[in-house]
Amino acid sequence: MVEPLSYQNEFTLVMVTPRTGSRHQIRVHLASIGYPIAGDELYGGPPLAGLVAGRFWLHLAELEFESPTGGHVEAVAPVARDLEDSLTRLRS
């Protein structure tokens with residue numbers, strides 16, 4: 001599922017909930033429908049000022065799963081400073 005959260009210039013910030021954990025799943029899907037991730041050169045993403053070469057605007061905010069060793073695992077991560085800075089630049 002892809003949900004638009006905000007629009008900044010020619011960029012759209014989205015929240016994506018993947019169906020599986022396939023490698024590059026989000027990157028491939030968004031690029032295939034004409035919305036590559038900012039800075040993702042491999043899949044045709046446009047450059048974004050402030051991101052170093054090889055860095056693109058993709059952030060895993062939350063992860064939860066049932067561990068094969070038993071128990072529920074949840075993790076939450078704040079948005080990295082360089083990504084926050086790029087959003088600030090887009091908004092100004």
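The values are calculated or read from the model by the stated rules, or taken from the named source; none is laboratory data. Because the structure is a prediction, the values reported are computed rather than measured. Please note: Cβ atoms are built from the backbone with ideal geometry, for glycine as well, and neighbour counts cover all protein chains shown. For accessibility, only protein heavy atoms count, side chains too; no ligands or nucleic acids. Shrake-Rupley method; radii C 1.70, N 1.55, O 1.52, S 1.80 Å.
Some values worked out for this structure:
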item	result
Pair-distance profile P(r), taking every C-alpha pair of the stretch 40-88, with 10 angstrom steps and integer %	22, 36, 24, 16, 2
Heavy atoms of Thr88: accessible area, 1.4 Å probe, square angstrom to 10	80
The chain: angle of helix 81-91 to the longest principal axis, Cα-based, in degrees nearest 10	40
Correct option for Cα extents along the principal axes in Å [calculated from the coordinates] among (i) 58, 27, 24; (ii) 46, 28, 25; (iii) 39, 26, 25	(ii)
For the stretch 52-58, 3J(HN,Hα) per residue [Karplus equation, 6.51 cos²θ - 1.76 cosθ + 1.60, θ = phi - 60°, Hz, x = Gly/Pro]	6, 3, x, 9, 10, 8, 9
Max mean-square fluctuation residue, GNM over the chain, Cα-Cα springs under 10 Å, options Gly70, Gly54, Gly44	Gly70
Highest-fluctuation residue, Ser32, Ser67, Ser22 considered, GNM on the chain with Cα pairs under 10 Å	Ser67
Expected 222 nm ellipticity per residue - DSSP helices of 4 or more, -39500 (n - 2.57), all of the chain, to 500	-6000 deg cm²/dmol
Carbon plus sulfur fraction of accessible area for the chain, probe 1.4 Å, in percent	57
Residue-count net charge about Leu13 - beta-carbon cut-off 11 Å; Lys, Arg +1, Asp, Glu -1	0
